[in-house]
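Below you'll find the structure, written out as structure tokens, and then a few comments.
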Amino acid sequence: MPLVERGQREVFCGLTGIIWMHRKIQDAFFLVVGSRTCAHLIQSAAGVMIFAEPRFGTAIIDERDLAGLADVHEELDRVVGQLLARRPDIRLLFLVGSCPSEVIKLDLSRAAERQNQIHHPKVRVLNYSGSGIETTFTQGEDACLAAMVPGLPASTNTAPALMVVGTLADVVEDQMRSLFDRMGLQVSFFPPRNSQAMPVVGPNTRYLLAQPFLADTARALQSRGAQHLAAPFPLGVEGTTAWLQAAATEFGVAPEVFEQATAAPRQRAEKALAVQRQMLQGQRIFFFPDSQLEIPLARFVNRELGMDLVEVGTPYLHRQHMAEELALLPAGTRISEGQDVDLQLDRCIADAPDLVVCGLGLANPLEAQGITTKWAIELVFTPIQGYEQAIDLAGLFSRPLKRRLKLAA
């Protein structure tokens, strides 16, 4: 049984998902409706994006709005109207709440309905919450995708069709598509790169989760009749092979065809990981809860890199989606769900692991105590899924240890 904690937690809010979501759906725009603090978070966290054509912005609710001196609905209508007039390329607009409706004094679902009446069919307007009170870090993507599911076109086919669910970097998506092509499988990806190319969904849809933090999206897809293909997540050689195998089994791909499609990239990845394993074998690692990637990552570093698991923390434990991952962890692994950050810090310091995966706010205090850290956010922002990225994923764990050795030399 996991250790369940419900104390203070130290994680990013769901707004952070905009940083990778805005790059995926290229004709979408994310308008954060919230406070100046949230505007600063987005600007700081995604500061590098100022060099790209922006696909996100903030409508700031200030004291005048909260005091009822202005009609926030009229203000939002004005801001949206100005935005869409200036950016005719936007076809999908997300209104993202930075706080619950009770705090920002605005029901964004009703606001989205009203905006749809004004701007549909040229622009579709959806809403979801990125509030840190209601969501953690990666739950922003889950809320965004779940908001899109009701609008997916209904499938009219009866033959089973494969869908991959979860944001993947374009290069990873292309690699996955190529592997499925070699197996003779057609596949759609959700979210798509363009909002005008949404995948169809229906009782014939079989879907693989590419990310472990999509519980609400999975529930919404299942309400449309889609069926989940249970599998480990595509991290490392073992996870990627099992993930692909789940689709191959469902669609009746012959074993020799599967082997022919996967053998070359799998062998390259195995050879590359052998080098990293020499560095990481026997190193003790502690995961603080942050992105919900922790359990698949723990499986990867333990089984493919030989690292010893001290504690594996996760914000939420979805037992059904994680069943295949949990079965691959060593017996007796200490798993914690939720967080009481003070108690967890005490356990971490007492255990003295070689490497800690944690959020930015905990990294500096731990480094000051001589504990080597890896920022969890890097594991979300970096393409890590699939065979070709397995070596990059291993490098994210070995580099902090190499840096520590150089500093000590």
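The values are calculated or read from the model by the stated rules, or taken from the named source; none is laboratory data. Every value quoted in this text rests on a predicted model; they were computed, and no experiment measured them. Glycine gets a Cβ as well: all are built from the backbone with ideal geometry, and neighbour counts include every protein chain shown. These accessible areas exclude ligands, DNA and RNA; they are computed on the full protein's heavy atoms, side chains included. Shrake-Rupley method; radii C 1.70, N 1.55, O 1.52, S 1.80 Å.
With respect to (1) open to solvent by 60 Å² or more (accessible area, probe 1.4 Å); (2) within 18 Å of the chain's Cα centre (by Cα), the lone exception for P160 is condition (2). Can you tell me which residue is modelled with the highest pLDDT among those in the range 350-362 that are crowded, with 19+ Cβ neighbours inside 10 Å and in a loop (DSSP other than H, G, I, E, B)? Among those residues, the one meeting the criterion is P353. Among the numbered conditions (1) over 30 Å from C358 (Cα atoms); (2) in contact with a helix residue (DSSP H, G or I) (Cβ under 9 Å, 6 or more places away or on another chain); (3) modelled with pLDDT of 95 or more, the only one that A111 does not meet is (3).
What are the residues in the range 185-196 that are open to solvent by 60 Å² or more (accessible area, probe 1.4 Å) and assigned to a loop (DSSP other than H, G, I, E, B), if any? Full working, then the answer.
Filtering the range 185-196 for residues open to solvent by 60 Å² or more (accessible area, probe 1.4 Å) gives 186, 193-194, 196.
Matches in the range 185-196: Q186, R193, N194.
Yes or no, residue by residue, for (1) in contact with a Pro (Cβ under 9 Å, 6 or more places away or on another chain); (2) closer than 23 Å to V380 by Cβ; (3) basic (K, R):
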position	(1), (2), (3)
M163	yes, yes, no
F189	yes, yes, no
M198	yes, no, no
Q245	no, no, no
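One residue stands out in the range 62-108 among those that are at pLDDT 75 or above, surrounded by fewer than 18 Cβ atoms within 10 Å (Cβ to Cβ) and not charged (D, E, K, R): the one that is farthest from R193 (Cα to Cα), namely H73.
Only one of the listed residues (P330, P383) is outside any helix (DSSP H, G or I) and over 28 Å from T135 (Cβ atoms). That residue is P330.
Please tell me if G252 is open to solvent by 60 Å² or more (accessible area, probe 1.4 Å), farther than 18 Å from E325 by Cα, of a type outside the set (D, E) and in a loop (DSSP other than H, G, I, E, B).
Details: open to solvent by 60 Å² or more (accessible area, probe 1.4 Å): yes; farther than 18 Å from E325 by Cα: yes; of a type outside the set (D, E): yes; in a loop (DSSP other than H, G, I, E, B): yes.
In short, yes.
The residues of the range 273-328 that are buried (at least 19 other Cβ atoms within 10 Å of the Cβ), under 19 Å from the mean Cα position of the chain (by Cα) and among the polar types (S, T, N, Q), listed by number, are S291, Q292, T314. When L214 is tested against the conditions (1) over 27 Å from P296 (Cα atoms); (2) touching an Asp or Glu at 6+ places or on another chain (Cβ under 9 Å), the lone failure is (1).
Of all residues in the range 197-244, those that are open to solvent by 10 Å² or more (accessible area, probe 1.4 Å) and closer than 22 Å to T136 by Cα total 5. Checked against (1) in contact with a strand residue (DSSP E or B) (Cβ under 9 Å, 6 or more places away or on another chain); (2) in a helix (DSSP H, G or I), P365 passes all but a single condition, namely (1). Tell me whether the range 168-177 contains one or more residues that are in contact with a helix residue (DSSP H, G or I) (Cβ under 8 Å, 6 or more places away or on another chain), closer than 18 Å to V33 by Cα and open to solvent by less than 10 Å² (accessible area, probe 1.4 Å). No, the range 168-177 contains no residue that is in contact with a helix residue (DSSP H, G or I) (Cβ under 8 Å, 6 or more places away or on another chain), closer than 18 Å to V33 by Cα and open to solvent by less than 10 Å² (accessible area, probe 1.4 Å). Looking only at residues of the range 110-157 that are open to solvent by 50 Å² or more (accessible area, probe 1.4 Å) and assigned to a helix (DSSP H, G or I), we find that the one that is nearest to S223 (Cα to Cα) is P150.
Please pick out the residue among G313, G338, G370 that is within 19 Å of V4 (Cα to Cα), free of Cβ contacts under 8 Å to residues at least 60 places away in the same chain and not aliphatic (A, V, I, L, M).
Values: G338 fails: free of Cβ contacts under 8 Å to residues at least 60 places away in the same chain; G370 fails: within 19 Å of V4 (Cα to Cα).
That would be G313, the only listed residue that is within 19 Å of V4 (Cα to Cα), free of Cβ contacts under 8 Å to residues at least 60 places away in the same chain and not aliphatic (A, V, I, L, M).
In summary, L235 fulfils each of the numbered conditions (1) over 30 Å from D89 (Cβ atoms); (2) touching an Asp or Glu at 6+ places or on another chain (Cβ under 8 Å) with the single exception of condition (2). Within the range 329-349, the set of residues being closer than 25 Å to P234 by Cβ and open to solvent by 10 Å² or more (accessible area, probe 1.4 Å) comprises L329, P330, A331, T333, I335, E337.
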